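Notes follow once the structure below has been shown.
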Amino acid sequence: MVLAAKQITKELQDVLCQDRTPIGNTRPQPILEPSIQRCLTHFSLISHGFGTPALSAAFATLQNCLTEMLKYIEKAFPNSIPPHPTTPSSGGNVVNKMDGSPSKGDDKNDNRAKDIV
């Protein structure tokens, strides 16, 4: 769950970094789809331009907290979480980082991925 929260937070942070809301006399070239950019521009206008930087800072802080939480969990429960759940293990299985299940084509008798809490 912590890994999933960290991934979602990172994706939201990436979208906010792609925001090209016009500020002052600048008119940066939009990167995002117009429907998404329109919502981000509206949010920026109602927050007087401080909303996106504030959310980016909050997400960065949350990312740091989640990283420290993962470090603590790895120290407290060394056998419960693999150090890199998205890298292939010695058996060639790749663990899906969202639900901890082996990816398609893996040995169905391999229960290593079920140990993730």
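The values are calculated or read from the model by the stated rules, or taken from the named source; none is laboratory data. Note that this is a predicted model, so its numbers are computed, not measured. Heads up, the Cβs are rebuilt from the backbone with ideal geometry, glycines too, and the neighbour counts pull from every protein chain shown. Note: areas computed on protein heavy atoms with side chains; ligands, DNA, RNA excluded. Shrake-Rupley method; radii C 1.70, N 1.55, O 1.52, S 1.80 Å.
Tell me, rounded to the nearest percent, the portion of alpha carbon pairs in the stretch 1-54 spaced more than 16 Å apart.
Roughly 46 percent, once rounded to a whole number.
Using Cα pairs closer than 8 Å and at least 6 residues apart in sequence, work out the relative contact order for the stretch 1-70, in percent.
RCO, the stretch 1-70: 42 percent.
Pop the C-beta distance of residue 35 and residue 4 into the FRET formula with R0 = 25 Å and round what comes out to the nearest 0.05.
It comes out at approximately 0.45.
Arrange the residues 1, 69 by how much accessible surface each exposes, largest first, with a 1.4 angstrom probe.
1, 69
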